[in-house]
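Input: a single structure, listed below in structure tokens.
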Amino acid sequence: MTRPGKIVCIGRNYVEHARELGNDVPAEPLIFLKPPSSVIRDGEWIERPPQSSQVEHEGEIGVLIGKPLRRVSEQEAVAGIAGIVAVNDVTARDLQRRDSQWTRAKGFDTFCPIGNVHTGPVDFDALEVVTTVNGEVRQRATGADMVFRIPMLLSYVSHIMTLEPGDLVATGTPSGIGPLRAGDSVTVSITGISRVTNPVRDRS
């Protein structure tokens, strides 16, 4: 896939993930953006920036938009999906806690690995996201575990900003987030349909 025009992310969309960070589940979807310049592909390096001592993985189910979605219903939103893709919302956790908003913590170059796009039909609730680090499973959850399900999220976002072809919506990460260290290899997979694997190094 080409670089997304914008990357819309959903925070705290799994109950246990909200709890592991000491947060309540939001009453409405919590939205933030990652810059397109953070995107990397399978096999490219995730670089830990010197500004952070706590870089962590966040495996997510990504939704690629195929046609303009502006103030649409959930059914119309589903019709606008071009594909499903594995996403790693890499986060500088120490900076996220320090800042009042998350642009810096989420926006470093290399902080958005994206896998291959699956374009066939899917059961959103059955989609399973799994994150492994050096082969060890860190995260595992399904679309059914989300607080706000995929059709609702797309409709909700479309009533705030128009989703355009090529945009990416990252639908939140489950519990099990953890540190990435130089020398690690991290894989996010949507079981059977998309995956992205990246080695980790410190930025020189």
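The values are calculated or read from the model by the stated rules, or taken from the named source; none is laboratory data. Values in this document were obtained by computation on a predicted structure and should not be read as measured data. All Cβ positions, even for glycine, are placed from backbone atoms using ideal geometry, and neighbour counts span all protein chains on display.
Where residues in the range 1-37 are assigned to a helix (DSSP H, G or I) and modelled with pLDDT of 95 or more, which of them is farthest from the chain's Cα centre (by Cα)?
Per the criteria, the residue is 37.
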message: Consider the range 53-72. How many of its residues are of a type in the set (Asp, Glu) and outside any loop (DSSP other than H, G, I, E, B)?
response: 2
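Residues in the range 3-17: is at least one touching a Lys or Arg at 6+ places or on another chain (Cβ under 8 Å) and surrounded by 13 or more Cβ atoms within 10 Å (Cβ to Cβ)?
Looking for residues that are touching a Lys or Arg at 6+ places or on another chain (Cβ under 8 Å) and surrounded by 13 or more Cβ atoms within 10 Å (Cβ to Cβ), one finds at least one in the range 3-17, hence yes.
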query: Can you find a residue in the range 34-52 that is hydrophobic (A, V, I, L, M, F, W, C), in contact (Cβ under 8 Å) with a residue 60 or more places away in the chain, in contact with a helix residue (DSSP H, G or I) (Cβ under 7 Å, 6 or more places away or on another chain) and under 19 Å from residue 130 (Cβ atoms)?
result: no
message: I'd like to check something: does the range 38-53 contain any residue that is touching a Leu at 6+ places or on another chain (Cβ under 6 Å), at pLDDT 95 or above and surrounded by 13 or more Cβ atoms within 10 Å (Cβ to Cβ)?
response: yes
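Of these, 121, 165, which one is over 30 Å from residue 50 (Cα atoms), out of contact with any helix residue (DSSP H, G or I) (no Cβ under 6 Å at 6 or more places or on another chain) and at pLDDT below 95? Give the derivation first.
Details: 165 fails: at pLDDT below 95.
Exactly one of 121, 165 is over 30 Å from residue 50 (Cα atoms), out of contact with any helix residue (DSSP H, G or I) (no Cβ under 6 Å at 6 or more places or on another chain) and at pLDDT below 95, namely 121.
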field: Selection within the range 75-128 - charged (D, E, K, R), within 15 Å of residue 171 (Cα to Cα) and either under 16 Å from the mean Cα position of the chain (by Cα) or buried (at least 18 other Cβ atoms within 10 Å of the Cβ) (or both)
entry: 89, 106, 128
query: When you go through 97, 195, 140 one by one, which is the residue that is free of Cβ contacts under 8 Å to residues at least 40 places away in the same chain, in a strand (DSSP E or B) and not hydroxyl-bearing (Ser, Thr, Tyr)?
result: 140
- prompt: Does any residue of the range 44-57 turn out to be farther than 29 Å from residue 204 by Cβ, in contact with a Pro (Cβ under 7 Å, 6 or more places away or on another chain) and hydrophobic (A, V, I, L, M, F, W, C)?
  reply: no
